[in-house]
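*Asks:* Okay, handing you the structure first.
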Number of protein chains: 2
Amino acid sequence: MPKVTFLPSQREVEAVAGEDILAAAAAGDIHINASCGGDGTCGKCKVHAKGAKLQTKSTARLTEEELAKGYVLACQTPVYDDMTVEIPLESELLSKGRSRIKTLTTGVDEWNRQLAELPSDPPVVKLYMELPEPSLNDSVSDLTRVTREVRRRLGVDDVLVDLQLTKMLPDVVRAGGWRVTATLYKEAGHARLTKIEAGDTTAAHYAVAVDIGTTTCSAQLVDLNETKILAEASAYNAQVSYGEDVISRMVYAKKESGLKLLQRKVVGTIDDLVAELIEKTGVEAAGIDVAVLAGNTVMTHLILGVGTDQIREAPYTPVFRFAPSVKASEVGFEKLPDVPLIFHPCVASYLGGDITSGVVAADVAKHEGLVLYIDIGTNGEIVLGNNEWLMGCSCSAGPAFEGAGVKDGVRSIDGAIERVSVEPDTFETVFTTIGGKLPLGVCGSGLIDLVAELFKAGVIDKRGKFHQDLPTNRVREGEYGWEFVVVWEKVAGVDRDIVITEVDVDNLMRAKAAVYAGITTLADSVGVSLADLEEVMIAGSFGNYIKVEEAIAIGLLPDLPVEKFRFVGNCSLLGSAKAAVSRDILARSAKITRSLSYMELSADNTFMDKYMSALFLPHTDKSLFPSV
Amino acid sequence: MPKVTFLPSQREVEAVAGEDILAAAAAGDIHINASCGGDGTCGKCKVHAKGAKLQTKSTARLTEEELAKGYVLACQTPVYDDMTVEIPLESELLSKGRSRIKTLTTGVDEWNRQLAELPSDPPVVKLYMELPEPSLNDSVSDLTRVTREVRRRLGVDDVLVDLQLTKMLPDVVRAGGWRVTATLYKEAGHARLTKIEAGDTTAAHYAVAVDIGTTTCSAQLVDLNETKILAEASAYNAQVSYGEDVISRMVYAKKESGLKLLQRKVVGTIDDLVAELIEKTGVEAAGIDVAVLAGNTVMTHLILGVGTDQIREAPYTPVFRFAPSVKASEVGFEKLPDVPLIFHPCVASYLGGDITSGVVAADVAKHEGLVLYIDIGTNGEIVLGNNEWLMGCSCSAGPAFEGAGVKDGVRSIDGAIERVSVEPDTFETVFTTIGGKLPLGVCGSGLIDLVAELFKAGVIDKRGKFHQDLPTNRVREGEYGWEFVVVWEKVAGVDRDIVITEVDVDNLMRAKAAVYAGITTLADSVGVSLADLEEVMIAGSFGNYIKVEEAIAIGLLPDLPVEKFRFVGNCSLLGSAKAAVSRDILARSAKITRSLSYMELSADNTFMDKYMSALFLPHTDKSLFPSV
């Protein structure tokens, strides 16, 4: 087998002859950026490759300069013989950072306060029971002895027990001298025995709450006795090596073993988070009784190993909305004990469990006034409503907000330009990067700032086109047309100028237009005015970085007083934690799934008009943005 | 590995050095009788062994003549080197016959009539559904599309679906062009999807009904559309090589891997029956949607691989009464498709699902008049009651009725003496054998006849002791004390006289005393007289062979007019077939399990007195048997 040596890590991987460099790297758990999932279309997987028999299929998206320097696309270059592959800094940095992402510790007190306010009624309960010992006059079965007590204590008719627990039962009840702790999962209409232990183990009663993000997965350990979050951990979703957005993941899932591999990757990511939570808290794994998870519809399907082919194509039908009842071992968890997995249900293919979880956690359906809930990523998911009705839609924003599909775009990693301003007279830029590192590229919030600032400084017009006669060498014609130099090479962390091109501006404008058109289509369909909004909730990590004024300036968010906007954080994770504490949350999540009116924008006549009108800065109809 | 050649089959088996001949034979699927399960106590596993390094641990129960001839006990003789083992005829015959037992085809018309009278409401139903195709305006998930139709059709709230079926779903519904057949198991409070198929497959809708007997397993294929039994098949329970009764099976289950092996054996037996049913009818396995099984408590535990240790010892607690919900694959079925297994519940450790199934099938709880239901084997299970109350008990009869624990006892195999009379003057015997073959030994019904006839002819007294001064050479003193020669060697199928010893008579008397004492203890506890019995139902295969008059003559059955006795056949199997057709049967079976008053005879003060009083022919109290 040919050997591939990856630089700068100097790790060696044995490749299957004929597989491409990207696949070889993935098999060796080495990350190379590949937004498109290995389709040869995004150009992100460029690497320096040296070796005999080097041949490449396609060089799409590589500049002449890059070709001259010997770059190839990892996904288009098969390995036939030993080779050395140098992965550029942008990819490598992510690789180093991917196992640990700085977690947001702010807000945990507030979250704990919210958890404590819920009616304490966890879906999984522990019952310590002192059973009467059998005698000749009471020789009822071991199982009946347990279930009759469960029925009495929980007031349920049916107690389901599987074969495995039945087999263990006689030894456990006797080892405990008829004092045992039963763990039960209260499902609709019945309780399911999920664990039986000798003695009183009720002191250890924990849940893992999970947000399965397309890019980042986050988890918290919740003490169910104290109703308190003990620790949290986050990491990049290891699926990220197989495509940056849900579409490219679904493309990968269609490949042979692709579905299985993607399942294994995300399960492994969460397993690692569980291990980290256990390490941080010293809690024993055996004390974890349940995991509650929220993810978009594609993530929820992939983690269960359920195919996503139908989600990709019209009419976009998911296989399920309510996930089947499964135990952790069934999907391959190893560090998470074999507990029931409870998923927030998904409304539709592009309005998933992360949104139902978040909408419930943010109490959208408890507001009397009108609320807009937005979660922006490669898809913008939008929910509008109050305590009487809810409507939702999803618009494809493209990857621009995630820093992908943009020439010098990067994710929100250390070195990403997150905030930038452009001096109106000199066109000089002032910027800050995440972690204060040398700039590597521009992330989503930086791009919003940049487009807003370039517009205000008169570098681009309302159609996003460059003014070509400005007295600055920052505006120039590059290989991809007109561009603006954000950072000169000499002060950059990469060996080139960091620029934003007219194509990039166009991408961002299409992204913001899709979101704004989605918002107005929803509002118009029920005849409400955006001015009537009492509150705009911005959920997700994206919300932590953007500046509302700049987002309004480009026409992404509606032109409302800044105080109406609220960053609600990772509500998807909060909804998982809440559901672990109170069954009411899951009931509300289910109710939303059944009652929310989902608008399929591609089936709406007015959406495309609204989208076209929004392809201006800030909008064709200036009256909608009086403050700009 | 040492090689063992078994004669007369000449089959060679590689043995693990040090394991005994019995284990080596079992591993090679060669049957050797071993009533005690390899404890060295029954003496049934005698074989002729030749080879180097032959040493044997115990020769209990071997006669001097047998020792002289070179017999050893297979269970007491380890294999260290190559050897040749000749298995005697009694074992070998059973071995040949064990895969196929003559099935009782009489009565099927009557059974079909009874099935047709039940309310048709099978626990597993097939629904053909033409689902609306998804569109942009109706893009609900594939699963919801199926479950909302199921909910509408079945009127249930919850439809449970497992992960495996969820994964298959999108391909199946599309392959069928949204015309699919869903198979659902209606459990308490919900329906569980067990199969989903493209197109309309409702024409094939079958159940397998099973009676898991300790000795014999029987199965029927039931057409659920036509409510009709299509075929039946029976075979010896392959566990029989590991002990003849439930006690020795439980002893074996405690050995390393014993439980697993016993499970594999009985599952294999039923798998073979399923294959036979499929072959006989030409029905495709995929059309089988459910299996309903009835077995005693030990068999029900063993087939599920659940330990039986607590059943053996006071206070005799089973692990479960209601079996957990399992699918065929979970217990290792290979020929039976992966359908739900439904078990008749067990009342107590020694009153199992075979009895609840039988009691329901025989409509005991629908009789206004008093009914006695008896199933006699190594345990006598007795149920007394009517449509207002039911009581039950189990008495350990020992293996005599099954032809075991008796010097020349055999099971009801070809060549077994099933009927015998003794001339009062000449003491000559007239007998018939099963299959009309040369006599090999005496089976249970033959023993009852023999004891009754010997008593009537004055060969034995009311205490079962031999009159030693009779003018016949048939009565003689043998190695085990006084005995009666039933068949001389010259007309026997074995190379010795077939005898019945005083010890054998004693064994039979203890067996019949236990059953009769059980009956009277039950009756007395509720203050009813046996004369009040409207009907005595004799269930099980044993009932097919015994002659009521002889059974009364020895005091086994109460002295009632012969017309009050009814042989109800294998009601356990009938109850399984009925439960496959109508949920009402299982509901009644569950109700009986919960409401039947089980008497633990060992905890009853009067039982032992009654037992001692019954250790006479026919009884101490002659007034109880006026007709004798």
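*Asks:* Among what's in segment B:295-316 and is at pLDDT below 95 and more than 8 Å from every other protein chain (Cβ to nearest Cβ), pick the residue that is most open to solvent (accessible area, probe 1.4 Å).
*Replies:* Checking each candidate, the answer is B:GLU313.
*Asks:* Kindly indicate whether B:VAL319 is open to solvent by less than 10 Å² (accessible area, probe 1.4 Å), part of a loop (DSSP other than H, G, I, E, B) and farther than 28 Å from B:ILE538 by Cα.
*Replies:* yes
*Asks:* Sticking with this structure for a sec: Looking for whichever is more than 18 Å from B:ASP245 (Cα to Cα), open to solvent by less than 10 Å² (accessible area, probe 1.4 Å) and in a helix (DSSP H, G or I) here; the options are B:VAL360, B:VAL292, B:VAL371. Which one fits? Quick ask: steps written out before the conclusion?
*Replies:* Values: B:VAL292 fails: in a helix (DSSP H, G or I); B:VAL371 fails: in a helix (DSSP H, G or I).
Checking each option against the conditions leaves just B:VAL360.
*Asks:* Would it be correct to say that A:ALA361 is in contact with a Lys or Arg (Cβ under 6 Å, 6 or more places away or on another chain) and hydrophobic (A, V, I, L, M, F, W, C)?
*Replies:* In short, yes.
*Asks:* Could you give every pair whose Cβ atoms fall below 6 Å, whose first residue belongs to segment A:256-275 and is more than 19 Å from B:MET168 (Cα to Cα), and whose second residue is of a type in the set (Lys, Arg), counting only separations of at least 6 or pairs across chains?
*Replies:* Pairs that qualify, where the first residue is more than 19 Å from B:MET168 (Cα to Cα) and the partner is of a type in the set (Lys, Arg), are A:ASP271/A:LYS335; A:VAL274/A:LYS335; A:ALA275/A:LYS335.
*Asks:* For segment A:474-498, which residues satisfy the criterion of being aromatic (Phe, Trp, Tyr) and open to solvent by less than 30 Å² (accessible area, probe 1.4 Å)?
*Replies:* Within segment A:474-498, A:PHE484 is the sole residue that qualifies.
*Asks:* Just for segment A:157-181: of the residues that are within 14 Å of another protein chain (Cβ to nearest Cβ), open to solvent by 30 Å² or more (accessible area, probe 1.4 Å) and not in a strand (DSSP E or B), which one is farthest from B:ILE311 (Cα to Cα)?
*Replies:* Only one residue fits best here, namely A:ASP157.
*Asks:* Any residue that is modelled with pLDDT of 90 or more, within 14 Å of chain A (Cβ to nearest Cβ), farther than 25 Å from B:GLY575 by Cβ and surrounded by 19 or more Cβ atoms within 10 Å (Cβ to Cβ) - is there at least one of those in segment B:115-133?
*Replies:* no
*Asks:* Ok, one more. Report, by residue number, each residue of segment A:134-153 that is within 14 Å of chain B (Cβ to nearest Cβ) and in a helix (DSSP H, G or I).
*Replies:* A:ASP142, A:LEU143, A:THR144, A:ARG145, A:VAL146, A:THR147, A:ARG148, A:VAL150, A:ARG151
*Asks:* In segment B:347-386, how many are touching a residue at least 60 places away in the same chain (Cβ under 8 Å), more than 24 Å from B:LEU118 (Cβ to Cβ) and of a type in the set (Ser, Thr, Tyr)?
*Replies:* 1
*Asks:* Could you say whether any residue in segment A:326-337 is of a type outside the set (S, T, N, Q), closer than 15 Å to A:VAL210 by Cβ and either facing chain B (nearest Cβ under 7 Å) or under 18 Å from the mean Cα position of the chain (by Cα) (or both)?
*Replies:* Yes, segment A:326-337 contains at least one residue that is of a type outside the set (S, T, N, Q), closer than 15 Å to A:VAL210 by Cβ and either facing chain B (nearest Cβ under 7 Å) or under 18 Å from the mean Cα position of the chain (by Cα) (or both).
*Asks:* Same structure again: Just the residues that are open to solvent by less than 50 Å² (accessible area, probe 1.4 Å) and either over 26 Å from B:PRO315 (Cα atoms) or more than 14 Å from every other protein chain (Cβ to nearest Cβ) (or both), please, taken from segment B:598-615. Walk me through how you get there before you give the answer.
*Replies:* Narrowing segment B:598-615 to residues open to solvent by less than 50 Å² (accessible area, probe 1.4 Å): B:599-601, B:603-604, B:607, B:610-611, B:613-615.
Residues satisfying the conditions are B:LYS610, B:TYR611, B:SER613, B:ALA614, B:LEU615.
Results for (1) within 15 Å of the chain's Cα centre (by Cα); (2) within 14 Å of another protein chain (Cβ to nearest Cβ), shown as yes or no for each residue.
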position: A:ILE196; (1), (2): no, yes
position: A:THR215; (1), (2): yes, no
position: A:ALA233; (1), (2): yes, no
position: A:TYR236; (1), (2): yes, no
position: A:ALA275; (1), (2): no, no
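*Asks:* Can I ask one more? Can you name the number of the only condition in (1) open to solvent by 30 Å² or more (accessible area, probe 1.4 Å); (2) over 22 Å from A:ASN112 (Cα atoms) that A:GLN239 fails?
*Replies:* Of (1) open to solvent by 30 Å² or more (accessible area, probe 1.4 Å); (2) over 22 Å from A:ASN112 (Cα atoms), only one is false for A:GLN239: (1).
*Asks:* If only one of B:LEU438, B:LEU454, B:LEU470, B:LEU450 is closer than 17 Å to B:ILE376 by Cβ and either of a type outside the set (D, E, K, R) or part of a loop (DSSP other than H, G, I, E, B) (or both), which one is it?
*Replies:* B:LEU450
*Asks:* Condition test on B:LEU54, is it part of a loop (DSSP other than H, G, I, E, B) and open to solvent by 20 Å² or more (accessible area, probe 1.4 Å)?
*Replies:* Working: part of a loop (DSSP other than H, G, I, E, B): yes; open to solvent by 20 Å² or more (accessible area, probe 1.4 Å): yes.
When the stated conditions are applied, B:LEU54 passes them.
*Asks:* Which ones in segment A:30-50 are free of Cβ contacts under 8 Å to residues at least 40 places away in the same chain and either under 13 Å from A:VAL85 (Cβ atoms) or open to solvent by 20 Å² or more (accessible area, probe 1.4 Å) (or both)?
*Replies:* Hits for segment A:30-50 are A:THR41, A:ALA49, A:LYS50.
*Asks:* Still on this structure: Take A:HIS190 and decide whether it is touching a residue at least 24 places away in the same chain (Cβ under 8 Å), in contact with a Gly (Cβ under 9 Å, 6 or more places away or on another chain) and within 14 Å of chain B (Cβ to nearest Cβ).
*Replies:* Taking the combined requirement at face value, the residue satisfies it.
*Asks:* Exactly one condition in (1) of a type outside the set (Lys, Arg); (2) open to solvent by 80 Å² or more (accessible area, probe 1.4 Å); (3) out of contact with any strand residue (DSSP E or B) (no Cβ under 7 Å at 6 or more places or on another chain) is false for B:ALA17; which is it?
*Replies:* (2)
*Asks:* Considering only segment B:275-289, state which residues are surrounded by fewer than 24 Cβ atoms within 10 Å (Cβ to Cβ), assigned to a helix (DSSP H, G or I) and aliphatic (A, V, I, L, M).
*Replies:* Initial filter on segment B:275-289 (surrounded by fewer than 24 Cβ atoms within 10 Å (Cβ to Cβ)): B:275-276, B:278-287.
Now drop any that are not assigned to a helix (DSSP H, G or I), which leaves B:275-276, B:278-281, B:285-287.
Once the filter is applied, which keeps residues that are surrounded by fewer than 24 Cβ atoms within 10 Å (Cβ to Cβ), assigned to a helix (DSSP H, G or I) and aliphatic (A, V, I, L, M), segment B:275-289 yields B:ALA275, B:ILE278, B:ALA285, B:ALA286.
*Asks:* Identify all residues within segment A:66-83 that are in contact (Cβ under 8 Å) with a residue 40 or more places away in the chain and open to solvent by 20 Å² or more (accessible area, probe 1.4 Å); write none if there are none.
*Replies:* Hits for segment A:66-83 are A:GLN76, A:TYR80, A:ASP81, A:ASP82.
*Asks:* Against the condition aliphatic (A, V, I, L, M) and open to solvent by less than 20 Å² (accessible area, probe 1.4 Å), how does A:ALA198 come out, does it pass?
*Replies:* no
*Asks:* Given the criteria over 24 Å from A:GLU402 (Cβ atoms), of a type outside the set (Gly, Ala, Ser) and in contact with a strand residue (DSSP E or B) (Cβ under 7 Å, 6 or more places away or on another chain), does A:VAL326 qualify?
*Replies:* The answer is yes for A:VAL326.
*Asks:* Return yes when A:GLU313 is without any contact (Cβ under 8 Å) to a residue 24 or more places away in the chain and closer than 18 Å to A:GLU334 by Cα and no when it is not. I'd like the intermediate steps shown before the answer.
*Replies:* Working: without any contact (Cβ under 8 Å) to a residue 24 or more places away in the chain: yes; closer than 18 Å to A:GLU334 by Cα: no.
No; evaluated as a whole, the condition is false for this residue.
*Asks:* Within segment B:499-514, restricting attention to residues that are in contact with a helix residue (DSSP H, G or I) (Cβ under 7 Å, 6 or more places away or on another chain) and in a helix (DSSP H, G or I), which residue is most open to solvent (accessible area, probe 1.4 Å)?
*Replies:* For segment B:499-514, the residue satisfying everything is B:ASN507.
*Asks:* In segment B:529-539, which residues are open to solvent by 10 Å² or more (accessible area, probe 1.4 Å) and in contact with a strand residue (DSSP E or B) (Cβ under 6 Å, 6 or more places away or on another chain)?
*Replies:* B:ASP532, B:GLU534, B:GLU535
*Asks:* Here is a follow-up. Any idea which residue in segment A:376-394 is nearest to A:CYS42 (Cα to Cα), counting only those that are assigned to a strand (DSSP E or B) and modelled with pLDDT under 95? Give the derivation first.
*Replies:* The first filter runs over segment A:376-394 and keeps only residues assigned to a strand (DSSP E or B), leaving A:376, A:379-385, A:390-394.
Subsequent filtering for residues that are modelled with pLDDT under 95 retains A:376, A:379-380.
Values: A:ILE376: 21, A:ASN379: 18, A:GLY380: 21 Å.
Result: A:ASN379.
The values are calculated or read from the model by the stated rules, or taken from the named source; none is laboratory data. Remember, it's a predicted structure, so these values are computed and weren't measured experimentally. Using ideal geometry, Cβ is built from the backbone for each residue, glycine included, and neighbour counts are taken over all protein chains shown. These accessible areas exclude ligands, DNA and RNA; they are computed on the full protein's heavy atoms, side chains included. Shrake-Rupley method; radii C 1.70, N 1.55, O 1.52, S 1.80 Å.
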